[in-house]
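To start, the structure itself, in structure tokens.
The values are calculated or read from the model by the stated rules, or taken from the named source; none is laboratory data. Just so we're clear, the structure is a prediction, and the values are computed from it rather than from any experiment. Heads up, the Cβs are rebuilt from the backbone with ideal geometry, glycines too, and the neighbour counts pull from every protein chain shown.
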Amino acid sequence: MRYFIEVSYQGQAYHGWQVQQNAHTIQEEINEALKKYCRSPIETVGSGRTDTGVHAIQQFCHVDLLNQLDLSMAIHKINAILPTDIAVINIYKVPDDAHARFHAISRSYEYHISRKKDPFNQGTSYYLRQTVAIDEMNEACKYLIGKKDFKSFSRVKTSVENFICTISRAHWEAHNGMYCFYVSANRFLRGMVRALVGTLIEIGTGKLTIPQFNAIIKSGDRRAAGRSVPAHGLFLTKVTYPEQLLNPAS
């Protein structure tokens, strides 16, 4: 039987989502908690990776189990095993061919920037001393919308077959002493959101013009884009699936 597990986590204590040798990861902690609860080795498959220090408000993984779960009891008991910075939010019984990664329709991220030094935002936002021009940054965001090659914002060393992504939403908001960048797409490249944010900040601080930003997108050259901002301001906020997948009776 296959289950989707919805989780959230603070990522600063981990070397990203995916299990790797000689590194402490979120997936490792979840696999271990499931192993203790089910009393057998468990391997999860995530909807995608998050890098070292990145957080998730909503992340999914799937797992195959021999026995049916009592869902409410399983959530409670698995959470009791997991460390305090990782939580199971929900568990869904899904068809046996449902795949946490390949059946995801879209993913959404937020990047949080603190406009003043705040000790309570340490580890969950990037402190930026400069004031930025939100209107200019949002004007530049219009060039991100649609199906495009985003190689300029991808890590250079990557194993992907192509750099095509379809961005459906990209905009900035300023509120409660924060700048927040919101972006949604069918897929993201490694390091893409952090590189986008770093480049858009250069527009907001007057280092780049909007025509130059458009040229960077078209260039396919990572060296032309801005620096990547720190990981600790980035949140995976939503992974969307076909409605019937998680609500088969609706």
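Just one of the listed residues (166, 209) is surrounded by fewer than 20 Cβ atoms within 10 Å (Cβ to Cβ), free of Cβ contacts under 8 Å to residues at least 60 places away in the same chain and under 17 Å from the mean Cα position of the chain (by Cα), and it is 166.
Quick check on region 79-87. Is at least one of its residues aliphatic (A, V, I, L, M), over 22 Å from residue 239 (Cα atoms) and not assigned by TED's automatic domain parsing to the domain that holds residue 123? Within region 79-87 (the criterion being aliphatic (A, V, I, L, M), over 22 Å from residue 239 (Cα atoms) and not assigned by TED's automatic domain parsing to the domain that holds residue 123), the answer is yes, since at least one residue qualifies.
Name the residue that is surrounded by the most Cβ atoms within 10 Å (Cβ to Cβ), counting only residues in region 23-44 that are among the β-branched types (Val, Ile, Thr) and outside any helix (DSSP H, G or I).
Step one: of region 23-44, the residues among the β-branched types (Val, Ile, Thr) are 25-26, 30, 42, 44.
Going one step further and asking which of them are outside any helix (DSSP H, G or I), we end up with 25, 42, 44.
Details: 25: 19, 42: 17, 44: 21.
Taking the candidates together, the pick is 44.
Just one of the numbered conditions (1) more than 25 Å from residue 164 (Cβ to Cβ); (2) in a strand (DSSP E or B) is not true of residue 238: (1).
Considering only residues in region 76-111 that are of a type in the set (Phe, Trp, Tyr) and in a strand (DSSP E or B), the one that is nearest to residue 167 (Cα to Cα) turns out to be 109.
Out of everything in region 196-206 that is free of Cβ contacts under 8 Å to residues at least 60 places away in the same chain and buried (at least 23 other Cβ atoms within 10 Å of the Cβ), what residue ends up being farthest from residue 157 (Cα to Cα)?
199
Among all positions in region 218-238, there is at least one residue which is surrounded by fewer than 19 Cβ atoms within 10 Å (Cβ to Cβ), closer than 19 Å to residue 168 by Cβ and out of contact with any helix residue (DSSP H, G or I) (no Cβ under 8 Å at 6 or more places or on another chain). Only residues that are in contact (Cβ under 8 Å) with a residue 60 or more places away in the chain, among the hydrophobic types (A, V, I, L, M, F, W, C) and crowded, with 23+ Cβ neighbours inside 10 Å were counted in region 6-22, giving 1.
Can you name the strands (runs of 3 or more DSSP E) wholly within region 140-213 that have at least 3 residues being in the same structural domain as residue 120 (by TED's automatic domain parsing) and closer than 30 Å to residue 117 by Cβ?
In region 140-213, 164-175, 178-185 are the strands (runs of 3 or more DSSP E) which contain 3 or more residues that are in the same structural domain as residue 120 (by TED's automatic domain parsing) and closer than 30 Å to residue 117 by Cβ.
Okay, residues lined up against (1) of a type in the set (A, V, I, L, M); (2) free of Cβ contacts under 8 Å to residues at least 40 places away in the same chain; (3) touching a strand residue (DSSP E or B) at 6+ places or on another chain (Cβ under 7 Å); (4) under 24 Å from residue 54 (Cβ atoms):
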{"site": "183", "(1), (2), (3), (4)": "yes, no, yes, yes"}
{"site": "186", "(1), (2), (3), (4)": "no, no, yes, yes"}
{"site": "215", "(1), (2), (3), (4)": "yes, yes, no, no"}
{"site": "229", "(1), (2), (3), (4)": "yes, no, yes, yes"}
{"site": "236", "(1), (2), (3), (4)": "yes, no, yes, yes"}
{"site": "243", "(1), (2), (3), (4)": "no, yes, no, no"}
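Here residue 94 fulfils each of the conditions (1) farther than 30 Å from residue 69 by Cα; (2) among the β-branched types (Val, Ile, Thr); (3) more than 17 Å from the chain's Cα centre (by Cα) apart from (1).
The set of residues in region 169-187 being of a type outside the set (A, V, I, L, M, F, W, C) and more than 17 Å from the chain's Cα centre (by Cα) consists of 173, 175, 176, 177, 179.
For residues in region 45-83 being free of Cβ contacts under 8 Å to residues at least 40 places away in the same chain and either surrounded by 18 or more Cβ atoms within 10 Å (Cβ to Cβ) or in contact with a strand residue (DSSP E or B) (Cβ under 8 Å, 6 or more places away or on another chain) (or both), which is nearest to residue 25 (Cα to Cα)? So the residue we want is 79.
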